[in-house]
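Notes to accompany the following structure.
Nothing in this text is a laboratory measurement; each read-out follows from the coordinates by a stated rule. Only a predicted model underlies this, so the values are computations on that prediction, with no experimental measurement involved. FYI the Cβ positions are ideal-geometry reconstructions off the backbone, even for glycines, and counts take in every protein chain you see.
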Amino acid sequence: MPAIVSILNPVVSVQPGGEATTEVRVRNTGTVVDQFALNLVGEASAWARCDPPVISLFPDAEETVRIHFSPARSSAVTAGLVHYGVRVTCQEDKDFSVVEEGAVQISSFSGVQARVVPRTSEGKRTANHRVEVTNTGNAVADAEVWASDPDELLGIDVDPNHLSIEPGATAVAKVKVVAKKGPTRTARRIPFQVHVEAGGPPVDVEGAFEQTAKSSSVLVFVAIAVLAAILVLVFRDQASGVSLSASVSSIL
């Protein structure tokens, strides 16, 4: 065997977005000067590097190579123990290859993003929205979802109000809003907020319900009904001799 390889600290811990290091010791057990290349294999190879990646050693000499682990703060790098390997090959013996194994403990972090769809709805008294919650952390997020409106003009139901979301995934809850009072003569805009909490500060997103005005056909019907009542009284006055003004004032 041309070389002996060992990882000095086979298990290290690292925060996503940070850096941790360990060292690999390579000893030339051959009889000639040789060059050794170090390559990382496994999931950690996407965010780890050997420094230096190639070393030259005299017979019976040894050198330490540092491995840097720099996982991104991303949901793509999930929390937990990630195994890796260091493959060492040499120039003089093309058939030689040895892999030493280690592991990196990735710490967890939480984060969610949310949005209300549609942002604004419209209806006489009720409407439906949905809230889409995306887990931007690197561990499963247990999210609580609820809603409120500052003027307490709406009844709001969220279903479900608990979401379990895998890293990088999006879950959806239905949001039904009901105006506590029926339509008025003019349309009104009623804002509300959806709140999402998943282990950190709540995430608040805005939504709104546009309550439409009473139908103009209803107002026309009322006007026609009043006019019809007046006409009935006119004909009745003409037949009985009672003054029209007194009759009109009585119904008003």
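I need Lys94, Lys180, Lys214 ordered by Cβ neighbour count within 10 Å, fewest first.
Neighbour counts put them in this order, fewest first: Lys94, Lys180, Lys214.
Test of understanding: what is the full-extension gain from Glu101 to Lys214, defined as 0.36 nm times their sequence separation minus their Cα-Cα distance?
Separation in residues times 0.36 nm, less the Cα-Cα distance, equals 33.4 nm.
Rounded to the nearest 0.05, what FRET efficiency is calculated for Asp60 and Thr21 with R0 set to 25 Å and r the Cβ-Cβ distance?
According to the calculation, E is roughly 0.40.
Tell me which residues come under 5 Å, amide H to amide H, from Lys214 once H is placed; ignore anything under 5 positions away on its chain.
Those lying under 5 Å, H to H, from Lys214 are Thr184, Arg185, Thr186.
Whole angstrom only: what separates the Cα centroid of region 197-211 from the Cα centroid of region 47-99?
Cα centroid of region 197-211 versus Cα centroid of region 47-99: 46 Å apart.
If neighbour count is taken as other Cβ atoms inside 10 Å, put Phe58, Phe96 in order from fewest to most.
Phe58, Phe96
Under a crude label model (7 Å from the Cα following the beta-carbon direction), how far is Lys174 from Gln91 in nanometres?
About 7.0 nm, to one decimal.
So what is the relative contact order of region 3-106, in percent, for Cα pairs below 8 Å that sit 6 or more residues apart?
35 percent
Sorting Trp146, Trp47 on the 10 Å Cβ count, fewest up front, what's the list?
Trp146, Trp47
What's the center-to-center distance, using Cα atoms, between region 106-128 and region 147-165 in Å?
Centre-to-centre distance over Cα atoms comes out at 10 Å.
Please compute the volume of the convex hull spanned by the alpha-carbon atoms of region 3-106 and report it per residue in Å³.
About 75 Å³ per residue, rounded to a whole number.
Ala76 to Gln193: FRET efficiency via 1/(1 + (r/R0)^6), r the Cβ-Cβ distance, R0 25 Å, to the nearest 0.05?
0.25
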